[in-house]
Amino acid sequence: MDTNPTQATIPQPVAEHVETLDPELAPEIAVQLGLSLAEYDNVCRTQGRVPSLTELYIYSLMWSEHCSYKHSKKQLRLFSSEGPYVLQGPGENAGVISVGDGWAVAFKMESHNHPSAIEPFQGAATGIGGIIRDIFTMGARPIASLDSLRFGTLDKPRQRYLFDGSVAGIGSYGNCLGVPTIGGEVYFEEAYEGNCLINAMAIGLMREENLTRAVGSGPGNLVVLIGSSTGRDGIGGASVLASQEFDEAAENKRPAVQVGDPFEEKLLIEVCLELLQRGLFVALGDLGAAGLTSSASEMASRGGVGLDIDVRKVPQREEAMQPFEIMVSESQERMLAVVEPDDYAAVEECCQRWGVACTAIGKVTDTGRFVVRDSQLPAEADIVADMPAEMLAQSAPEYDPEMREPQYLAQLQGYDLDFVYQTAADAAQLAGALAERGCALAPATDDAPFNAAFSALIASPNICSRAWIWRQYDHQVMNNTVILPGADAAVLRIGDTGRGETTNRGIAASTDCNGRYCYLDPYLGAQIALAEGARNLACTGADPAAITDCLNFGNPEKPEVFWTFHQAVQGLADACRFFAIPVISGNVSFYNESFGHAIYPTPAIGIVGVVDDITAVATSAFKQAGDTVILVGETLDELGGSEYLKVVHGLVAGHPPTLDLELERDVQSTVRQAVRTGLLQSAHDCSEGGVAVALAESCVLGGIGAAVALDDDLPPVASLFSESQSRILVSVAEDKVEEFLALATANQVPYSVLGEVGGERLTIEDKLNLSVAEIANLYNNTLEQLVTNRV
């Protein structure tokens with residue numbers, strides 16, 4: 001079912017005549033552009049006639065899945081966007097929260113999946129450029145970015161090409177801008193071989209009073225295009241690529257991938273922030289998917305006004321561009337502003353001083369119509385498009401797709417995993433797998449029977465160090481990064497309060513999602529994504545303020561896919577309400593399918609929290625010999641969907657770990673309080689690979705060993721590698737152990753005293769015994785060896 005405004009609500013056309021398409025050819029062209037025949041009929045009813053070619057192009061992009069959210073909009077209304085920190089929720093270029101002392105933070109996550117699968121360097125680079133523009137459009141200076149990435153397994157050359165190119169594109173663009181990439185995540189699964197995921201998140205800082213919105217207003221005001229000239233690159237780019245599945249014709253779509261210029265964007269940042277500071281913009285928006293069409297029509301719709309644009313005033317870098325090409329081009333590094341006529345000279349002077357192009361291309365009207373002119377045509381026939389702005393931006397069809405639970409779920413969730421406990425890990429098989437990664441297997445011994453399985457796990461591409469990635473990023477530029485990449489969450493200082501004072505306030509940020517969990521249970525998997533993101537912030541001492549999301553799924557027109565989408569959204573919405581964490585921005589990316597095979601459901605979240613005192617934060621690394629190691633939370637026998645099950649047995653099955661929301665809340669609260677009061681030496685989220693991997697990571701990061709005993713009654717394999725939720729591994733100085741345990745007891749949070757930090761080995765009694773140096777070699781070197789194919 002679809003819904004649309006009645007004809008009575010549509011403002012009257014401006015043009016007396018628009019040259020329309022041949023009525024017999026128009027439906028075929030509409031289908032070629034991605035509209036259904038029903039949607040084409042809807043366009044004709046809205047227009048009261050057959051559309052022109054330019055109008056049809058514009059409708060096809062604005063009503064595409066990427067721009068209109070026509071299959072997801074109703075589901076997204078399940079999210080709550082209200083909270084004590086929120087200044088701006090969904091509906092603008094980015095969400096904004098207050099972080100204290102008059103400071104505000106804007107942030108958002110978006111996908112650039114489909115372009116990156118065609119051309120990884122430029123696809124990923126322009127993804128960073130686009131999300132950065134969303135941030136400074138709000139009046140905020142970009143201060144950080146994060147990325148959430150998914151690829152196929154690295155034993156395949158194409159996956160190494162996509163991974164290497166995407167990481168290089170992110171690093172190149174961000175480094176040139178001088179915006180640090182402070183964190184993120186990456187997973188490698190067969191399900192992403194046909195469709196890699198490039199989800200980029202950006203964060204910006206501003207004074208609360210400088211919050212700017214892309215709301216057009218003031219009939220007679222000028223519509224001003226700022227930045228790069230317009231070319232044919234990117235025509236049908238993100239808006240088209242992200243609204244269809246991939247097939248054999250994928251390579252033919254390479255011209256639709258945008259080409260970025262980070263140096264031009266750096267100039268755009270400076271000139272736009274100066275003009276915003278001087279109060280010379282009425283409104284400001286960036287040109288992303290669907291280019292000028294999207295930015296202008298959304299600006300008009302939000303303000304309840306019309307716009308009248310002359311395409312021949314748009315600076316063009318290619319000859320003989322047609323009006324529809326100019327309107328839908330996705331050439332990068334362009335901004336659209338509304339400026340009062342008396343201020344235009346000052347805007348023009350500022351742009352010239354920065355070396356940025358600035359052109360008045362139209363004006364705001366009171367007609368409610370989105371009018372496009374071509375002044376090269378005779379005056380009586382120069383209007384090539386005349387459409388109701390609100391219908392373009394806000395009133396695309398909305399659908400209720402059929403939903404059906406996938407048949408695979410019952411089979412996989414009910415899979416008998418008893419063999420995991422009865423069968424020892426095949427040492428020869430594990431040795432071969434490690435050899436492929438350029439690593440040696442640590443032999444099992446009588447007192448350490450799990451050395452081999454642990455070696456395979458710590459060197460798994462989904463667990464091993466990501467230093468090869470973040471070493472390519474300038475993660476310390478601006479000198480505000482307090483906790484560096486590689487931790488559970490990054491922490492940034494805010495700095496000057498704007499009143500000539502200093503503050504110790506900061507923010508923490510993380511991205512999270514385990515697509516394998518979501519594949520096995522999309523409702524629970526989405527909740528775990530939020531819980532782990534908030535848990536990562538708790539490990540630093542931060543209070544979660546809000547999230548942005550990037551919901552990556554297959555074709556929503558397939559009932560099984562849409563069921564997983566609905567379940568994930570419902571799960572995430574329910575968990576957000578429980579934790580009182582609002583969703584203030586985000587993105588939906590559908591059609592992540594190749595040759596009929598969809599990716600794992602991947603509702604990635606980006607979470608930002610408030611740090612009251614950046615001098616009172618914790619990191620994951622063990623600090624000093626003699627500290628007591630404590631596991632906060634409880635380990636259960638939960639190996640379904642685990643990394644152990646995949647790495648050691650080659651299996652994705654079972655039920656993901658359960659999530660007790662109340663226990664999760666209490667564990668996070670306990671650890672957060674302990675960090676803030678200085679009770680903890682370290683805090684580290686226990687997730688993929690279980691407590692064995694968490695212990696190893698804390699040892700490697702601290703360059704020191706630990707001797708522990710796991711006091712549960714579980715089978716050893718579950719005790720080591722279960723991925724039970726709501727667990728945080730902490731270390732506590734000897735003189736503060738009693739106080740911390742009293743806090744945990746008062747909060748009714750379960751805990752286990754495991755042992756103490758010290759020595760040069762990690763020993764887990766009767767289970768594991770390896771030197772920290774051996775572990776570090778496996779952990780630190782695997783990813784680079786795989787991606788450079790050195791073995």
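For the stretch 538-569, which positions are open to solvent by 10 Å² or more (accessible area, probe 1.4 Å), out of contact with any Gly (no Cβ under 8 Å at 6 or more places or on another chain) and either outside any helix (DSSP H, G or I) or among the charged types (D, E, K, R) (or both)?
ASN555, GLU557, LYS558, GLU560
Let me confirm something: among ARG535, ARG505, ARG493, which residue is touching a strand residue (DSSP E or B) at 6+ places or on another chain (Cβ under 9 Å), open to solvent by less than 10 Å² (accessible area, probe 1.4 Å) and farther than 18 Å from GLY586 by Cβ?
ARG535
Starting from residues that are in contact with a helix residue (DSSP H, G or I) (Cβ under 9 Å, 6 or more places away or on another chain) and charged (D, E, K, R), keep the ones in the stretch 185-199 and report whichever is surrounded by the most Cβ atoms within 10 Å (Cβ to Cβ).
Ranking the candidates gives GLU189 first.
Just the residues that are under 17 Å from ASP512 (Cα atoms) and in contact with a Phe, Trp or Tyr (Cβ under 6 Å, 6 or more places away or on another chain), please, taken from the stretch 566-587.
GLY571, ALA573, VAL583
Any chance you could count how many residues in the stretch 98-114 are of a type in the set (Phe, Trp, Tyr) and open to solvent by less than 20 Å² (accessible area, probe 1.4 Å)?
1
What residue, among those in the stretch 221-234 that are surrounded by fewer than 24 Cβ atoms within 10 Å (Cβ to Cβ) and farther than 23 Å from MET138 by Cα, is modelled with the highest pLDDT?
GLY231
Looking only at the stretch 163-183, decide whether some residue is within 30 Å of ASP308 (Cα to Cα), open to solvent by 10 Å² or more (accessible area, probe 1.4 Å) and out of contact with any Lys or Arg (no Cβ under 6 Å at 6 or more places or on another chain).
Among the residues of the stretch 163-183, not one is within 30 Å of ASP308 (Cα to Cα), open to solvent by 10 Å² or more (accessible area, probe 1.4 Å) and out of contact with any Lys or Arg (no Cβ under 6 Å at 6 or more places or on another chain), which makes the answer no.
Report, by residue number, each residue of the stretch 108-132 that is closer than 18 Å to SER172 by Cβ and among the acidic types (Asp, Glu).
GLU119
Hey, which of the strands (runs of 3 or more DSSP E) in the stretch 706-791, taking only ones fully inside, have at least 3 residues that are farther than 18 Å from GLN624 by Cβ and open to solvent by less than 30 Å² (accessible area, probe 1.4 Å)?
768-771
When the stretch 121-163 is examined, which residues are found to be closer than 21 Å to GLU92 by Cα and in a helix (DSSP H, G or I)?
THR126, GLY127, ILE128, GLY129, GLY130, ILE131, ILE132, ARG133, ASP134, ILE135, PHE136, THR137
In the stretch 12-43, what residues are open to solvent by 90 Å² or more (accessible area, probe 1.4 Å) and modelled with pLDDT under 90?
GLN12, GLU16, HIS17, listed by residue number.
Go through the residues of the stretch 111-118 one by one and say whether even a single one is among the β-branched types (Val, Ile, Thr) and at pLDDT 95 or above.
Scanning the stretch 111-118 turns up no residue that is among the β-branched types (Val, Ile, Thr) and at pLDDT 95 or above.
Could you say which residue among GLN352, GLN411 is more than 24 Å from TYR57 (Cβ to Cβ) and touching a strand residue (DSSP E or B) at 6+ places or on another chain (Cβ under 8 Å)?
One residue alone meets the criteria, GLN352.
Could you list, in sequence order, the residues of the stretch 286-345 that are touching a strand residue (DSSP E or B) at 6+ places or on another chain (Cβ under 6 Å) and either free of Cβ contacts under 8 Å to residues at least 40 places away in the same chain or among the polar types (S, T, N, Q) (or both)?
Hits for the stretch 286-345 are SER295, SER297, GLN316, SER329, SER331.
Out of all the residues in the stretch 284-325, which are in a loop (DSSP other than H, G, I, E, B) and at negative phi?
Within the stretch 284-325, LEU287, GLY288, ALA289, VAL305, VAL314, PRO315, ARG317, GLU318, GLU319, MET321, GLN322 meet the criteria.
For the stretch 513-522, state whether one or more residues are closer than 24 Å to ILE581 by Cα and in contact with a strand residue (DSSP E or B) (Cβ under 6 Å, 6 or more places away or on another chain).
yes
Rundown of residues vs (1) within 28 Å of the chain's Cα centre (by Cα); (2) modelled with pLDDT of 95 or more; (3) not β-branched (Val, Ile, Thr), yes/no style:
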residue: THR46; (1), (2), (3): no, no, no
residue: MET62; (1), (2), (3): yes, no, yes
residue: SER80; (1), (2), (3): yes, yes, yes
residue: VAL86; (1), (2), (3): yes, yes, no
residue: VAL96; (1), (2), (3): yes, yes, no
residue: GLY100; (1), (2), (3): yes, no, yes
residue: TRP103; (1), (2), (3): yes, no, yes
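Report yes if some residue within the stretch 131-144 is open to solvent by 10 Å² or more (accessible area, probe 1.4 Å), of a type in the set (A, V, I, L, M, F, W, C), touching a His at 6+ places or on another chain (Cβ under 9 Å) and at pLDDT 95 or above; otherwise report no.
So far as the stretch 131-144 goes, no, none of its residues is open to solvent by 10 Å² or more (accessible area, probe 1.4 Å), of a type in the set (A, V, I, L, M, F, W, C), touching a His at 6+ places or on another chain (Cβ under 9 Å) and at pLDDT 95 or above.
Taking ARG516 as meeting all but one of (1) in contact with a Leu (Cβ under 8 Å, 6 or more places away or on another chain); (2) closer than 26 Å to LEU409 by Cα; (3) charged (D, E, K, R), write down the number of the exception.
Among (1) in contact with a Leu (Cβ under 8 Å, 6 or more places away or on another chain); (2) closer than 26 Å to LEU409 by Cα; (3) charged (D, E, K, R), the lone unmet condition for ARG516 is (1).
So is SER698 surrounded by 22 or more Cβ atoms within 10 Å (Cβ to Cβ) and hydroxyl-bearing (Ser, Thr, Tyr) or not?
Answer is yes for this residue.
The values are calculated or read from the model by the stated rules, or taken from the named source; none is laboratory data. Since the structure is predicted, the reported quantities are computational estimates derived from the model, not experimental observations. Here the Cβ is made from the backbone with ideal geometry for all residues, glycine too, and neighbour counts use every protein chain on show. When the accessible area is computed, the model is the full protein with side chains, heavy atoms only, and any ligands, DNA or RNA have been set aside. Shrake-Rupley method; radii C 1.70, N 1.55, O 1.52, S 1.80 Å.
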